[in-house]
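Quick notes on the structure that follows.
The values are calculated or read from the model by the stated rules, or taken from the named source; none is laboratory data. Note that the structure is a prediction, hence the values are computed from the model and not measured. Using ideal geometry, Cβ is built from the backbone for each residue, glycine included, and neighbour counts are taken over all protein chains shown. Areas reflect the complete protein model, heavy atoms only, side chains present, ligands, DNA and RNA absent. Shrake-Rupley method; radii C 1.70, N 1.55, O 1.52, S 1.80 Å.
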Amino acid sequence: MAGSRPFWQSMAIRNLLILLAVWEVVGQLKLVAGGALPPLSAILIRFWADRADYPGHVAATVWASVIGFVIGNAVAVGAGVLFVLFPRLQRLARGVNIAVFALPPIAIAPILVLTLQGMTPRVVLAALGVYFVTMTATVVGLSQYDTRSADVVRAYGGGNWLVMKLVRLRGAVPDILGGLRIAAPNAVLGAILAEFGGGGRWGLGTYLLGSLGRGEPARLWGIGLVATVIAGASYATFALISARILGTTRSVTLNTALPPEDAHADAPLALRIALMAGAAALPFVLWWAFIRLTGVPEMIAKTPLGVVDYLFLADTSANARAKLMEALSQTLPITALGMVAGLGFAFLLAVSSRMIPGFIRAFMPVALVTQTMPLVALTPLLVLMLGRGLSVTLWITVSVTFFPAFVLLVQGLQRVPQSVLDLPRAYGASAWKELRMVSIPAALPYLFAATRLTVPRALLGVMIAEWLATGTGLGNLLNQSRGYLDYGMIWTVASASVCLSVAFYYAVLAVERRTLTRLGMQVVE
């Protein structure tokens with residue numbers, strides 16, 4: 001295995017060079033939308049001409065990303081430790097954790113710009129972008145520890161805190177580093193989305209927004225590639241740290257599985273009801289507390305009751321509900337279609353990774369670029385090539401959903417025990433029959449986990465496309481509300497998008513638990 005590493009590195013370099021050469025030829029011949037995809041040489045020339053613009057914008061984005069990354073991960077690791085030490089606290093915080101995971105950043109970016117000042121919105125959105133991934137990785141790492149070492153510490157009089165310090169935290173380092181590796185690009189995306197939402201002169205998001213109407217594809221591609229390099233470098237930095245410290249890198253499963261339903265079955269009924277009620281109410285309590293602590297006037301900042309009043313009790317409620325329902329009727333179908341298409345594409349790629357490994361190795365460089373390029377930077381480039389119709393929305397939604405789902409599905413196929421695979425092979429089953437009868441059914445828990453993961457990402461992709469391209473749906477309603485200073489609608493769209501993502505998440509989870517219980521399987525943790 002060690003001897004094959006240079007070979008795979010040379011293949012990756014070769015594929016990258018081929019991709020760049022094809023890009024240059026296609027750009028020179030103007031084969032894509034009459035020059036919407038410029039040649040790489042033209043992008044570099046434009047970048048050099050704009051070189052004086054980049055230092056200030058890059059510095060603002062990187063600085064906000066770094067601060068948000070540090071704060072968000074410090075909170076995530078601390079929360080992970082507390083959740084492991086006090087499992088009922090994790091149950092109580094479930095609603096907040098799922099809401100943070102599910103909220104589309106594009107929906108709350110205007111909220112943060114309205115209520116916070118300076119660089120704070122960028123820092124907060126960057127911190128929110130990293131919290132869930134690192135918290136999940138921390139909980140997984142702390143839960144999988146060497147019990148024999150813990151018994152030694154306890155034998156010498158150590159308590160839970162000492163076991164946590166000497167055994168669990170040390171054992172969780174690989175998982176935490178893996179979480180940081182995945183969280184780093186999320187911090188960059190969060191900062192750029194906040195910049196795009198307004199509230200600052202400097203930043204790549206601001207620069208991109210100011211360049212959209214100039215009709216200069218080479219400049220837009222330059223900004224997008226710079227954002228991609230920053231996000232990719234942040235990922236590579238922690239991959240390198242992980243490799244140096246551990247000697248290898250460890251992947252982190254980006255699933256969002258909840259504890260099994262019977263995890264608190266031994267608790268008194270009253271306590272279980274109180275925990276469920278607290279988990280449901282806590283996000284709204286924190287929402288209310290955020291408004292009160294920021295001191296923003298009620299005309300701008302809406303509490304949960306303020307949103308209810310705007311949507312159901314005010315004189316203009318009927319008009320507000322009509323606008324919201326019209327936007328939902330445009331957003332939800334394309335979100336569902338994009339999610340299904342993304343999952344289907346991920347499934348085909350995962351199966352192909354078993355059947356035709358060479359195809360996946362050739363495809364991965366392109367896939368990695370689409371995942372490290374921030375969505376806000378990617379969308380204008382796709383609009384240039386595909387226009388402003390349904391195709392661009394579907395493409396964006398598929399591009400942001402397929403890769404995480406693909407990673408999970410590949411992991412599920414790889415975890416099928418070899419002893420299980422030997423039986424159909426002993427009877428002469430073909431590779432496809434073995435996949436269909438054994439590997440794919442065994443990977444069903446990972447398919448459900450992938451579905452839960454793609455729900456909020458699909459909604460995020462659709463809303464960004466609506467904001468920047470199609471002029472329809474929730475994304476466009478949010479953008480229009482900013483222009484009209486309709487603060488009630490801004491808060492309504494933000495809360496509706498979060499509630500939708502959480503509802504879809506729990507709907508998939510309910511189907512998952514029912515299905516896997518019938519099949520005698522367990523929810524992926």
Filter the range 287-325 for residues that are without any contact (Cβ under 8 Å) to a residue 24 or more places away in the chain and of a type in the set (Lys, Arg); the one that is least open to solvent (accessible area, probe 1.4 Å) is 321
Taking the stated definitions as given, is residue 368 at pLDDT below 75, crowded, with 22+ Cβ neighbours inside 10 Å and either over 21 Å from the mean Cα position of the chain (by Cα) or more than 30 Å from residue 287 (Cα to Cα) (or both)?
no
Looking at the range 454-465, can you tell me whether even one residue there is surrounded by fewer than 22 Cβ atoms within 10 Å (Cβ to Cβ), modelled with pLDDT of 85 or more, at negative phi and touching a Leu at 6+ places or on another chain (Cβ under 9 Å)?
no
Residue 214 being more than 26 Å from residue 120 (Cα to Cα), at pLDDT below 75 and open to solvent by 20 Å² or more (accessible area, probe 1.4 Å)
yes
Looking at (1) at pLDDT below 80; (2) open to solvent by 20 Å² or more (accessible area, probe 1.4 Å); (3) outside any helix (DSSP H, G or I), which one does residue 166 not meet, given that it meets all the others?
(3)
Please determine, by comparing only the residues of the range 83-105 that are of a type outside the set (Phe, Trp, Tyr) and free of Cβ contacts under 8 Å to residues at least 40 places away in the same chain, which one is surrounded by the fewest Cβ atoms within 10 Å (Cβ to Cβ).
89
For residue 279, are the conditions met, namely being at pLDDT 80 or above, open to solvent by less than 60 Å² (accessible area, probe 1.4 Å), touching a Leu at 6+ places or on another chain (Cβ under 8 Å) and within 24 Å of residue 502 (Cα to Cα)?
no
Filter result for residue 91 (over 19 Å from residue 288 (Cα atoms), charged (D, E, K, R), assigned to a helix (DSSP H, G or I) and modelled with pLDDT under 85):
yes
Anything in the range 61-82 that is over 22 Å from the mean Cα position of the chain (by Cα) and in contact (Cβ under 8 Å) with a residue 24 or more places away in the chain? List them, or say none.
81
From the list 328, 343, which one is modelled with pLDDT under 90 and surrounded by 13 or more Cβ atoms within 10 Å (Cβ to Cβ)?
343
Taking the range 486-506 and keeping residues assigned to a helix (DSSP H, G or I) and of a type outside the set (A, V, I, L, M, F, W, C) leaves 487, 488, 492, 495, 497, 501, 505, 506
Residue in the range 482-506 that is farthest from the chain's Cα centre (by Cα), counting only those that are over 17 Å from residue 109 (Cα atoms), open to solvent by less than 40 Å² (accessible area, probe 1.4 Å) and hydrophobic (A, V, I, L, M, F, W, C)
500
Got a number for residues in the range 47-57 being part of a helix (DSSP H, G or I) and over 9 Å from residue 202 (Cβ atoms)?
5
State yes or no: is residue 263 aliphatic (A, V, I, L, M), surrounded by 14 or more Cβ atoms within 10 Å (Cβ to Cβ) and modelled with pLDDT under 90?
no
Restricting attention to the range 20-46, which residues are surrounded by 16 or more Cβ atoms within 10 Å (Cβ to Cβ), part of a helix (DSSP H, G or I) and not charged (D, E, K, R)?
23, 27, 40, 42, 43
Is it the case that some residue within the range 143-158 is among the β-branched types (Val, Ile, Thr), out of contact with any Pro (no Cβ under 7 Å at 6 or more places or on another chain) and within 18 Å of residue 182 (Cβ to Cβ)?
no
Are any residues in the range 175-192 open to solvent by less than 10 Å² (accessible area, probe 1.4 Å) and modelled with pLDDT of 80 or more, and if so, which ones?
183, 184, 187, 188, 190, 191, 192
Can you say whether residue 436 is over 30 Å from residue 182 (Cα atoms) and modelled with pLDDT of 75 or more, as far as the supplied structure shows?
no
With (1) touching a Ser or Thr at 6+ places or on another chain (Cβ under 9 Å); (2) more than 23 Å from residue 114 (Cα to Cα) as the list, and residue 492 as the residue in question, which single condition is left unmet?
(2)
Filtered residues of the range 466-493 (kept if small (Gly, Ala, Ser) and at pLDDT below 85):
469, 471, 483
Selection from the range 308-361 of residues that are farther than 23 Å from residue 471 by Cβ, assigned to a helix (DSSP H, G or I), out of contact with any Ser or Thr (no Cβ under 7 Å at 6 or more places or on another chain) and β-branched (Val, Ile, Thr)
308, 340, 351
Positions within the range 118-156 being assigned to a helix (DSSP H, G or I), at pLDDT below 85 and open to solvent by 60 Å² or more (accessible area, probe 1.4 Å), in sequence order
143, 147, 148, 151, 152, 154, 155
Within the range 227-245, restricting to residues that are free of Cβ contacts under 8 Å to residues at least 40 places away in the same chain and over 19 Å from the mean Cα position of the chain (by Cα), the one that is most open to solvent (accessible area, probe 1.4 Å) is 244
Hey, does the range 507-517 have a residue that's β-branched (Val, Ile, Thr), at pLDDT below 80, open to solvent by 10 Å² or more (accessible area, probe 1.4 Å) and in a helix (DSSP H, G or I)?
yes
